[in-house]
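In what follows, a single structure is set out as structure tokens and then discussed.
The values are calculated or read from the model by the stated rules, or taken from the named source; none is laboratory data. What you are looking at is a predicted structure, and each value in this text was computed from that prediction instead of being measured. Here the Cβ positions follow ideal geometry from the backbone for every residue, glycine too, while neighbour counts run over all protein chains shown. Accessible surface areas use protein heavy atoms only, side chains included; no ligands, DNA or RNA. Shrake-Rupley method; radii C 1.70, N 1.55, O 1.52, S 1.80 Å.
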Amino acid sequence: VNPTAQVDQVTPIVVCNGDDIADIVFSTANQNGTTIYSWTNDNTSIGLGASGDGNISSFEADNETNDPITANITVIPSYDVEDPLLACTGEEMTFTITVNPTAQVDEIEDVILCNGVESLPIEFNSNNSGGITSFTWTNDNVDIGLASEGQNLIDSFIPINTNDFPIEAIITVTPTFENSDIDCLG
């Protein structure tokens, strides 16, 4: 009498868009025969096919949306000693693969300020949802009276220009999307 087939639980996987997901290798407590695994995926937009047999080979995670997307992977084990026609099927196991979106920041139009006249705060926005988007920024010219770096927004400041010609600074903003303790840079 063959035992009931069994497959060990796989921990949920959370990655960023474009990350490589390592091989997902299924295991069992059953001994002496061969356990065969058949799996299905309910969301092929993550970059994984709809179904397969055996372990899941490494693949590149895909998410072209602004929100995290999740696929439910259902694995059905079959235990076989010698004859596939006598295989014993076991209880299915389901785990999830969540693919976070690439972080995004909305474009900001150039800002023109006058020497000594306090600026308005500059806030950053994103189309991402389903997680937390934060922003870090750098300034390539501190002579304008703005710090060299900061986070989440540029507070109002007093711009400085002691020259008799305009000066400029380039502000570079990097968004980070966080979901399930996974940070995804934009």
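Only one residue in 109, 123 is free of Cβ contacts under 8 Å to residues at least 40 places away in the same chain, of a type in the set (D, E, K, R) and surrounded by fewer than 11 Cβ atoms within 10 Å (Cβ to Cβ). Which one?
Working: 123 fails: surrounded by fewer than 11 Cβ atoms within 10 Å (Cβ to Cβ).
Selected residue: 109, the only one of 109, 123 that is free of Cβ contacts under 8 Å to residues at least 40 places away in the same chain, of a type in the set (D, E, K, R) and surrounded by fewer than 11 Cβ atoms within 10 Å (Cβ to Cβ).
Considering each of 96, 89 in turn, give the residue that is open to solvent by 30 Å² or more (accessible area, probe 1.4 Å), closer than 29 Å to residue 181 by Cβ and among the β-branched types (Val, Ile, Thr). Write out each step before concluding.
Working: 89 fails: closer than 29 Å to residue 181 by Cβ.
Only one candidate passes the filter, namely 96.
If the condition is being assigned to a helix (DSSP H, G or I) and either surrounded by 16 or more Cβ atoms within 10 Å (Cβ to Cβ) or among the small types (Gly, Ala, Ser) (or both), then the stretch 1-60 contributes 45, 46. Would a scan of the stretch 135-148 turn up a residue that is at pLDDT 95 or above, in contact with a strand residue (DSSP E or B) (Cβ under 8 Å, 6 or more places away or on another chain) and closer than 26 Å to residue 98 by Cβ? Yes, there is a match, as at least one residue in the stretch 135-148 is at pLDDT 95 or above, in contact with a strand residue (DSSP E or B) (Cβ under 8 Å, 6 or more places away or on another chain) and closer than 26 Å to residue 98 by Cβ. Filtering the stretch 61-81 to residues that are under 20 Å from residue 176 (Cβ atoms), β-branched (Val, Ile, Thr) and part of a loop (DSSP other than H, G, I, E, B) leaves only 65.
Restricting to the stretch 126-161, count the residues that are touching a Pro at 6+ places or on another chain (Cβ under 8 Å) and open to solvent by 80 Å² or more (accessible area, probe 1.4 Å).
Going residue by residue through the stretch 126-161, those that are touching a Pro at 6+ places or on another chain (Cβ under 8 Å) are 126, 128, 130-131, 133-135, 144-146, 153-156.
Next cut, open to solvent by 80 Å² or more (accessible area, probe 1.4 Å) only: 155.
Residues in the stretch 126-161 being touching a Pro at 6+ places or on another chain (Cβ under 8 Å) and open to solvent by 80 Å² or more (accessible area, probe 1.4 Å): 1 in total.
In the stretch 61-72, the qualifying residues are those that are free of Cβ contacts under 8 Å to residues at least 60 places away in the same chain and in contact with a Gly (Cβ under 8 Å, 6 or more places away or on another chain), and the one that is least open to solvent (accessible area, probe 1.4 Å) is 61.
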